[in-house]
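K.L.:
Quick one: the structure is below, questions incoming.
The values are calculated or read from the model by the stated rules, or taken from the named source; none is laboratory data. Because the structure is a prediction, the values reported are computed rather than measured. Cβ placement follows ideal geometry from the backbone for every residue including glycine, while neighbour counts extend to all protein chains displayed. Quick note on the areas: whole protein, heavy atoms, side chains included, nothing else; ligands and nucleic acids left out. Shrake-Rupley method; radii C 1.70, N 1.55, O 1.52, S 1.80 Å.
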Amino acid sequence: MAAQRIFIVEDDLKIAAMLAETLRKYHYDVETAKDFDRILEEFEAFDPHMVLLDINLPSYDGYYWCRQLRQTSTCPILFISARSGEMDQVFALENGGDDFITKPFHYEIVLAKIRSHLRRAYGEYAPKQEERSVKAGRISLFLERMELHVKAAVIPLQKKECTIMELLLAQYPKVVTREQLLEELWDDQAFVDENTLNVNMTRVRKKLADYEVLSSIETVRGSGYRLLIHEEEL
């Protein structure tokens with residue numbers, strides 16, 4: 001079984017290195033943040049099962065990054081911080097965190113909490129419920145896994161990519177309007193640049209092309225987008 005991935009966002013290089021070394025001894029796959037202005041990009045590239053997140057960080061604090069990560073993932077986020085006040089813990093949980101560990105910490109406590117949250121999220125304590133999926137032709141989207149299956153190919157998707165494909169598959173062969181997509185992708189359309197939707201659609205098209213999917217997404221001028229399923233994938 002592949003090792004579970006843990007992403008460490010900690011600007012104290014010594015603490016980050018010691019945490020990473022300890023976790024690797026227990027066979028976790030670990031990455032530490034390199035660019036504290038690009039946490040979201042590094043997170044998406046690594047696609048971790050869990051995040052260990054400090055509060056005091058350069059540029060933006062851990063609360064900010066936790067909110068950003070929650071827009072694309074429900075993976076467990078454990079705050080690790082020297083702040084020990086009650087309100088710090090409250091803010092951590094209210095901004096999307098799952099637990100709070102105070103520095104200095106015992107590695108046994110950190111490991112126990114990591115194991116506990118991973119079991120609850122992915123293991124024997126994870127909720128057992130019927131998996132939701134959307135299908136058209138030989139294209140299936142598994143929503144909880146955020147995976148698109150096209151014949152034998154398994155394509156991992158980010159949250160917004162998953163939402164786009166869910167709408168296109170659910171309404172196939174009908175057109176999905178730009179308004180529908182904007183409403184589903186962003187809570188407040190008033191502050192969304194029109195080009196943002198184009199960028200996200202381009203990412204989905206590129207991912208389909210990267211996996212040599214023959215089906216495509218057609219732009220319907222003045223209306224929206226429509227999924228065109230190739231005959232080999234019907």
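K.L.:
Please enumerate the residues belonging to region 16-51 that are over 15 Å from the mean Cα position of the chain (by Cα) and open to solvent by 40 Å² or more (accessible area, probe 1.4 Å). Spell out the reasoning first.
P.N.:
As a first pass, look at region 16-51 and keep what is over 15 Å from the mean Cα position of the chain (by Cα): 16-37.
Ala17, Met18, Glu21, Arg24, Lys25, Tyr26, His27, Asp29, Glu31, Lys34, Asp35, Asp37 - these are the residues of region 16-51 that are over 15 Å from the mean Cα position of the chain (by Cα) and open to solvent by 40 Å² or more (accessible area, probe 1.4 Å).
K.L.:
Residue check: is Leu78 free of Cβ contacts under 8 Å to residues at least 24 places away in the same chain and over 25 Å from Glu147 (Cβ atoms)?
P.N.:
Details: free of Cβ contacts under 8 Å to residues at least 24 places away in the same chain: no; over 25 Å from Glu147 (Cβ atoms): yes.
Judged against the criteria, Leu78 is not a match.
K.L.:
Still on this structure, please answer the following. Could you list, in sequence order, the residues of region 67-80 that are farther than 17 Å from Ala121 by Cα and buried (at least 21 other Cβ atoms within 10 Å of the Cβ)? I'd like the intermediate steps shown before the answer.
P.N.:
Taking region 67-80 as the starting set, the residues that turn out to be farther than 17 Å from Ala121 by Cα are 67-68, 71, 80.
Matches in region 67-80: Ile80 only.
K.L.:
Another question, if that's okay. Suppose the filter is under 27 Å from Lys159 (Cβ atoms), touching a residue at least 24 places away in the same chain (Cβ under 8 Å) and among the small types (Gly, Ala, Ser); does Ser116 pass it?
P.N.:
Details: under 27 Å from Lys159 (Cβ atoms): yes; touching a residue at least 24 places away in the same chain (Cβ under 8 Å): no; among the small types (Gly, Ala, Ser): yes.
So Ser116 does not fit the description; no.
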